[in-house]
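Undergrad: Just dropping this structure here.
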Amino acid sequence: MSRIPPVTRALLIANVAMFVVQLLLGDRFTDWLALWPLGSQPRHAFESIGTFMPWQLLSYGFLHGDFMHLFFNMLALFMFGPPLEAVWGERRFATYFLLAIVGAGICQLLLAALTGSQASVIGASGAVYALLLGYGLLFPNQRVMLLFPPIPMKARTFVILFGVGALFLGMTGLQPGVAHFAHLGGMITGWLLIRHWRNGGGRRGGGSGGSGGKRDHLRVIK
């Protein structure tokens, strides 16, 4: 763990710690921090659980539905977080990850308003998809490998496959219970941030230890 950059390490620890707290405190704790649609009805009498609260746009991204959900998100963070943090620096990388969570959450809220969904959403997958996008843009020719099946490919191809896959599954509904459009919302947020930085925005926010922005599965459980 000492070799992992500080922000990536802190995010890994925070997500694992929150999952342990979820196991200890149960569904009421998860429901309190999950992202609920605007206008949803409370799940418990005289409580706000089950209704949208502003903090949920960030807190939902540190919760997970089960161990495999946590494992694959943290594996992606472990793989793609360090090279991005090395390029951008600590502050900019943290900003990127956290804003991707918020952007994915906003996308999910818009979709829920259009479809009338009352389901809550948890998971860091929106930010993970933003990491995939960032890695593909900064290191487009770097070789990465799918887990299932184990096929090597360039990073930009990897990102395109994941983005097209999320759009296809979201449009067809072939994989219910997964917030595919929130994944796309994370990618869009990441793309907008990178575009902003490459156009000269936030020059003073690069953070320590980086180049200051040089060119170069969310699951629905309720």
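The values are calculated or read from the model by the stated rules, or taken from the named source; none is laboratory data. The structure displayed is predicted, hence computed values, not measured ones. Cβ: placed from backbone, ideal geometry, glycine included. Neighbour counts: every protein chain shown.
Undergrad: Only residues that are basic (K, R) and farther than 15 Å from L138 by Cα: list them for the range 149-204, please. Talk me through it step by step, then tell me what you get.
TA: Within the range 149-204, the first condition is being basic (K, R), and the residues that meet it are 154, 156, 195, 198, 203-204.
Matches in the range 149-204: R203, R204.
Undergrad: What's the total number of residues in the range 77-94 that are within 24 Å of I122 (Cα to Cα) and surrounded by fewer than 18 Cβ atoms within 10 Å (Cβ to Cβ)?
TA: 3
Undergrad: Somewhere in the range 89-100, is a residue over 12 Å from the mean Cα position of the chain (by Cα) and more than 30 Å from Q22 (Cα to Cα)?
TA: Scanning the range 89-100, I find at least one residue that is over 12 Å from the mean Cα position of the chain (by Cα) and more than 30 Å from Q22 (Cα to Cα), so the answer is yes.
Undergrad: Another one. With respect to G61, determine if the residue is of a type outside the set (A, V, I, L, M), in contact with a strand residue (DSSP E or B) (Cβ under 9 Å, 6 or more places away or on another chain), crowded, with 18+ Cβ neighbours inside 10 Å and at pLDDT below 95. Write out each step before concluding.
TA: Values: of a type outside the set (A, V, I, L, M): yes; in contact with a strand residue (DSSP E or B) (Cβ under 9 Å, 6 or more places away or on another chain): yes; crowded, with 18+ Cβ neighbours inside 10 Å: yes; at pLDDT below 95: no.
No: the conditions fail for G61.
Undergrad: Given (1) buried (at least 18 other Cβ atoms within 10 Å of the Cβ); (2) in a helix (DSSP H, G or I), identify the lone condition not met by A14.
TA: Single failed check for A14: (1).
Undergrad: Here is a follow-up. Can you work out which of the residues in the range 1-20 that are over 16 Å from the mean Cα position of the chain (by Cα) and over 22 Å from G105 (Cα atoms) is modelled with the lowest pLDDT? Explain how you work it out, then say what you get.
TA: Of the residues in the range 1-20, the ones over 16 Å from the mean Cα position of the chain (by Cα) are 1-6, 17, 20.
With the extra rule that they be over 22 Å from G105 (Cα atoms), the set shrinks to 1-6, 20.
On the way: M1: 65, S2: 68, R3: 87, I4: 94, P5: 96, P6: 97, V20: 97.
Top of the filtered list is M1.
Undergrad: Under the condition of being among the hydrophobic types (A, V, I, L, M, F, W, C) and in contact with a strand residue (DSSP E or B) (Cβ under 7 Å, 6 or more places away or on another chain), which residue from the range 147-168 is surrounded by the fewest Cβ atoms within 10 Å (Cβ to Cβ)?
TA: Ranking the candidates gives I151 first.
Undergrad: Do any helices (runs of 4 or more DSSP H) lying entirely in the range 110-222 carry at least 1 residues that are at pLDDT below 90, and which ones are they?
TA: Numbers: elements: 125-138, 155-172, 180-198.
So the answer is 155-172, 180-198.
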